[in-house]
Protein chains: 4
Amino acid sequence: MNDVAADKSKGRPKLGPGPAGWQRKWYEVIFEHDTPAGRWFDVWLLVVIVVSVVAVMLESIRYKDAPEAWYDTWRAVEWIITGLFTLEFAARLACVNRPGRYVFSFFGVVDLVSLLPSYLMILIPGAQSLATIRTVRLLRVFRILKLAHHVREGQGWLLALKHTWPKITVFISVIVCTIIILGSVMYLVETDADSGFDNIPVSVYWAIVTMTTVGYGDIAPVTPLGKTIASLVMLLGYAIIIVPTGLFSAEVMKQRALRGTERSCPRCAFNTADDGAQYCSRCGERLGALQPTGTPQADA
Amino acid sequence: MNDVAADKSKGRPKLGPGPAGWQRKWYEVIFEHDTPAGRWFDVWLLVVIVVSVVAVMLESIRYKDAPEAWYDTWRAVEWIITGLFTLEFAARLACVNRPGRYVFSFFGVVDLVSLLPSYLMILIPGAQSLATIRTVRLLRVFRILKLAHHVREGQGWLLALKHTWPKITVFISVIVCTIIILGSVMYLVETDADSGFDNIPVSVYWAIVTMTTVGYGDIAPVTPLGKTIASLVMLLGYAIIIVPTGLFSAEVMKQRALRGTERSCPRCAFNTADDGAQYCSRCGERLGALQPTGTPQADA
Amino acid sequence: MNDVAADKSKGRPKLGPGPAGWQRKWYEVIFEHDTPAGRWFDVWLLVVIVVSVVAVMLESIRYKDAPEAWYDTWRAVEWIITGLFTLEFAARLACVNRPGRYVFSFFGVVDLVSLLPSYLMILIPGAQSLATIRTVRLLRVFRILKLAHHVREGQGWLLALKHTWPKITVFISVIVCTIIILGSVMYLVETDADSGFDNIPVSVYWAIVTMTTVGYGDIAPVTPLGKTIASLVMLLGYAIIIVPTGLFSAEVMKQRALRGTERSCPRCAFNTADDGAQYCSRCGERLGALQPTGTPQADA
Amino acid sequence: MNDVAADKSKGRPKLGPGPAGWQRKWYEVIFEHDTPAGRWFDVWLLVVIVVSVVAVMLESIRYKDAPEAWYDTWRAVEWIITGLFTLEFAARLACVNRPGRYVFSFFGVVDLVSLLPSYLMILIPGAQSLATIRTVRLLRVFRILKLAHHVREGQGWLLALKHTWPKITVFISVIVCTIIILGSVMYLVETDADSGFDNIPVSVYWAIVTMTTVGYGDIAPVTPLGKTIASLVMLLGYAIIIVPTGLFSAEVMKQRALRGTERSCPRCAFNTADDGAQYCSRCGERLGALQPTGTPQADA
């Protein structure tokens, strides 16, 4: 299956190759991943993406006091890559049956955003800051990863995450409220100690830094009461991590458990979870074939 | 079901609407969440709460050197919101059948505490610090969340948490004792190194900061022995997180297992969670086929 | 069962009450926890322990520049508590059948160590530092906790921990070696940057601080290469926490699974895990009574 | 089984003892672990390794301003150990049937690398830095650990890790991209605030320090927007740890379930993990009673 189609798998008509033969061929190479040519294309695309991001990162290193040489090197690399991406973008537009839809598909936008900064930086002089935006090119990696074997596996935990999400949402909303209230309390307690708790937003920032056990130390309580409350915040933050972990572990287990339980014994109605079972393990009756995988349950 | 009733669900008579028709109507809108009007009310209440808390937070930003304009803006917002909350509070009192019980219900108190500071700040001059207390308004969010679909789901992990609690309590008491003893040891070791371990409480604070892996760095051991002990404390803190996580994960699994694929015995109505059961384990009656997965019970 | 006996539960003869009637009565009150008097004694003992530890902690606060008043207060409290503990210790010695064995039992030693510092501080002048040791009194709390309902539950995770231990040991030994090697590498890389990596032990200390995600920041890499390696150390430390967590969660689940599986159906040999089952859920045969709980498996 | 063979267990012919009788005897002692002599050898090897690594670490402590005495002590220890390792290496070469293959086996290389630095430090004057490399000797510990009982247990989680790996890989690649993009954003936001975000690589380093909740504090955002984004990074880092944990826990559970209480079919020898199975799910044969729990398989 091609990845753009995956994007569209919400009942809308698929994005496919154009009518002409060369379009179908190009489409296969550029959008699909099943043919050797397609895979070869993906590998090289991946290489170029990584190189381009590394270039962006290195270019930034001496951004302020750049010896021209260093600077120009990465500029050159940048322009070669931009050229390649432009050609690729054109090719994608050329071989697809609905260019408009492609441009406005998720990956279409990403492709465009990967190109624009380089061009804008010529047109608009002071647009150096745009250089950084080019790291969004990394998102293009996912188009390639998408087809890799392990993503199909990955869908299991994505599903589990989806199922756990509502619970985790409640959980997070509780945390957020707790953080804000605790931050306000610390603001009350520490505001006179001049220890960095200058206002509620900053105190909330401190509460997040502490609860997530990051603990920069740029803001830290100095009053005994402040330290006592901080201790509670830490223990709280240390403790609550277990709740979503437990929920998610259990969810993954459930996904696993659901996998394959679609087969009931025609005689004793016992549901087996064993993919390879050929006879009911309860009454010895012969079982039907396993349902086609790819059903939501079987993705776990 | 209305949320105040949920609060009261300990055998005590419910808090319901008053006798008059307008009371019943208002009650439906203000306290219940099933009607479109009720949901509409909830959404707007949520908006106002969030706005009010944001106002409190922003107001605090230049608390010390506030340009009047900025200050007055938030003051105005504050008074509008206080007005709205006052009207709401009055309406709740008016339409409920037991105003007294409502006022002393959890959410009644929260509603009151959300109002008082603003009024007290006029009466008592130097009560600026009360401004912060208004963030408790966030608690009112939970009344609205309460009805959301995912809270019903959430009760699964609440139950799991309740079941794990005793074990986690023992666990925590062990940790607390360990922390205090380790803190004292570090005080003994580092007290002469002038590295911030000035007294046992501070050392205990350090132990908590370290064990929870927050690690501000405002207090850090400098002596070789101190660093060695600190390393043990860190590894300990890093290791022990696994115990409550394991307990809780297992508990969630158990909750799931108990509610996963239940079937009732046609004779004694005993619910079994055993997929393979063919006879009721209570009365020996033969059981029917397994229910289709995806029943509300399976969502727990 | 009395707690000292629990200590001795390695085939050795129990520590019991003396022959005289008053000894048996005292023993019941002091060592056992089943009688109202025994529980009353435990509660008060707990209170005294907590008070004594708080006293030790507060006494330390102005250790250096103590206003006599503050200092004397805690001294007084200290002496009252020491008196009480001395009486208790004498009473334990008096009513037990093997005083020698009690003194050398774990809790006997703890009791003694709780007393000695106070007395030594008179005999030896400069023994102030001993004051801190008194926090070991907290260990006495466990004697009392021991009988609490939730400890019996707790034994489940202790068992799970015991079962996971060998695996976690291998795991830890791998981590330790990794930490030492990584620490040495960082020493090599950062030694010239004067960023605190002065020798291998300190670098290993840094590696521990980083891997456990504590991150004080007192030692931090400054060279690009150092920062790169540090990033790997962090990601490693962040990742490996999942291994023991997974092992332990699974172990707890197993303990849970083992619970109650002692009953086999006399006809079809199906093992049920349902404590309340009265009929085999496979063949409908009547089942025997559940085995007495308190067997190692049932403690999970 | 001998460990080198374990290395070679990829279809290639085993590394075994030489033909002569003394070779077979030596081989048993040096390479195998089943005989008392072999175990005795392992224990002493372990002791020497630990001593040597401790020596390397202590030697580094006063590396810069070393009093000759201290320095010479560790030098002496070092040379004794190097001598022992040289003899051991010679012995291993002598008694093995394929010396070449041994030298290039994983542990052969480790053995060699453990020796070379000491010798190179005489030949090359300024090769002091090589001293640190000697800590790789720790890797030799694993050869000994390899045979320990608990490693065989350990293989359970290794298997689980292997199974979870693909999913965790996708997961990590997503994290890496997120970290790079977030780092770039922070560079954009904080670059003018002179708060340490000097270039993208450094910002990415910060993102890793923050996401893994290490939080040194050497680089921390100062702008309100920077702090807001940082908060999201922290919460994200705090949240995502649950995904691999859940995956791995579930995987360990699965491993356990698959190997937990297996019974073989008397006809087709298929192992079932289903406690309730009464008929083989492969050939329909009737199965015997459940095996007693606590079989080696159940320890996995």
Scan of the range A:192-203 for residues that are open to solvent by less than 30 Å² (accessible area, probe 1.4 Å) and in contact with a Gly (Cβ under 9 Å, 6 or more places away or on another chain), ordered by number: A:Ser195, A:Phe197, A:Ile200, A:Val202, A:Ser203
Residue count for the range C:204-224, restricted to those that are part of a loop (DSSP other than H, G, I, E, B), under 16 Å from B:Thr213 (Cβ atoms) and of a type in the set (S, T, N, Q): 2
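Just to be sure before I move on: is B:Leu182 at pLDDT 85 or above and either away from every other protein chain (no Cβ under 12 Å) or buried (at least 21 other Cβ atoms within 10 Å of the Cβ) (or both) in the structure I sent? Spell out the reasoning first.
On the way: at pLDDT 85 or above: yes; either away from every other protein chain (no Cβ under 12 Å) or buried (at least 21 other Cβ atoms within 10 Å of the Cβ) (or both): yes.
It is true that B:Leu182 is at pLDDT 85 or above and either away from every other protein chain (no Cβ under 12 Å) or buried (at least 21 other Cβ atoms within 10 Å of the Cβ) (or both).
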Subset of the range D:185-204 that is more than 17 Å from D:Met234 (Cα to Cα) and charged (D, E, K, R) - its residue that is nearest to the other protein chains (Cβ to nearest Cβ): D:Asp198
Residue ID - modelled with the lowest pLDDT, chosen from residues in the range B:242-276 that are open to solvent by 20 Å² or more (accessible area, probe 1.4 Å) and within 7 Å of chain C (Cβ to nearest Cβ): B:Asp274
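Say we look at the range D:21-51 and pick out the residues that are aliphatic (A, V, I, L, M) and farther than 20 Å from D:Val96 by Cα; which of these is least open to solvent (accessible area, probe 1.4 Å)? Break it down into steps so the answer makes sense when it comes.
Residues of the range D:21-51 aliphatic (A, V, I, L, M): D:29-30, D:37, D:43, D:45-51.
This time we only want the ones that are farther than 20 Å from D:Val96 by Cα, so: D:43, D:46-51.
On the way: D:Val43: 85, D:Leu46: 66, D:Val47: 64, D:Val48: 30, D:Ile49: 0, D:Val50: 72, D:Val51: 69 Å².
Per the stated criteria, the residue is D:Ile49.
Would the range C:52-72 turn up any residue that is buried (at least 16 other Cβ atoms within 10 Å of the Cβ) and farther than 22 Å from B:Met186 by Cα?
So in the range C:52-72, the residues buried (at least 16 other Cβ atoms within 10 Å of the Cβ) come out as C:52-53, C:55-61, C:63.
Going one step further and asking which of them are farther than 22 Å from B:Met186 by Cα, we end up with none.
The answer is no, given that none of the residues of the range C:52-72 is buried (at least 16 other Cβ atoms within 10 Å of the Cβ) and farther than 22 Å from B:Met186 by Cα.
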Residue check, A:Ala207 at pLDDT 90 or above, more than 7 Å from chain B (Cβ to nearest Cβ), under 27 Å from the mean Cα position of the chain (by Cα) and surrounded by 24 or more Cβ atoms within 10 Å (Cβ to Cβ): yes
Of residues in the range C:225-256 being touching a residue at least 40 places away in the same chain (Cβ under 8 Å) and in contact with a Gly (Cβ under 6 Å, 6 or more places away or on another chain), the one nearest to B:Val214 (Cα to Cα): C:Phe248
Pairs where the first residue, in the range B:66-81, is without any contact (Cβ under 8 Å) to a residue 40 or more places away in the chain and the second is part of a helix (DSSP H, G or I) and not aliphatic (A, V, I, L, M), C-beta under 8 Å, 6+ apart: B:Tyr71/B:Glu59; B:Trp74/B:Glu59; B:Arg75/B:Glu59; B:Val77/B:Ser52; B:Trp79/B:Ser118; B:Ile81/B:Ser52
Residue under evaluation A:Val174, criteria (1) closer than 22 Å to B:Pro244 by Cβ; (2) at pLDDT below 90; (3) open to solvent by less than 40 Å² (accessible area, probe 1.4 Å), criterion not met: (3)
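Does D:Val189 qualify as being open to solvent by 10 Å² or more (accessible area, probe 1.4 Å), in contact (Cβ under 8 Å) with a residue 40 or more places away in the chain and over 15 Å from A:Leu58 (Cα atoms)? Break it down into steps so the answer makes sense when it comes.
On the way: open to solvent by 10 Å² or more (accessible area, probe 1.4 Å): yes; in contact (Cβ under 8 Å) with a residue 40 or more places away in the chain: yes; over 15 Å from A:Leu58 (Cα atoms): yes.
When the stated conditions are applied, D:Val189 passes them.
Looking at C:Glu88, C:Glu32, which one is among the charged types (D, E, K, R), assigned by TED's automatic domain parsing to the domain that holds C:Phe107, in a loop (DSSP other than H, G, I, E, B) and touching a residue at least 24 places away in the same chain (Cβ under 8 Å)? Don't jump to the end; show me each part of the working.
Details: C:Glu88 fails: in a loop (DSSP other than H, G, I, E, B).
Testing whether each residue is among the charged types (D, E, K, R), assigned by TED's automatic domain parsing to the domain that holds C:Phe107, in a loop (DSSP other than H, G, I, E, B) and touching a residue at least 24 places away in the same chain (Cβ under 8 Å) leaves just C:Glu32.
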Positions within the range B:93-117 being within 13 Å of B:Val136 (Cα to Cα), buried (at least 17 other Cβ atoms within 10 Å of the Cβ) and touching an Asp or Glu at 6+ places or on another chain (Cβ under 8 Å), in sequence order: B:Phe107, B:Asp111
Residue match in the range D:141-155 (condition: surrounded by fewer than 17 Cβ atoms within 10 Å (Cβ to Cβ), over 21 Å from D:Val43 (Cβ atoms) and either within 10 Å of another protein chain (Cβ to nearest Cβ) or at pLDDT 70 or above (or both)): yes
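The values are calculated or read from the model by the stated rules, or taken from the named source; none is laboratory data. In this text, all values refer to a predicted model and were calculated from it rather than measured experimentally. Note: ideal-geometry Cβ built from the backbone for every residue, glycine included; neighbour counts use all protein chains shown. We work out accessible area using only protein heavy atoms, side chains counted, and drop any ligands, DNA or RNA first. Shrake-Rupley method; radii C 1.70, N 1.55, O 1.52, S 1.80 Å.
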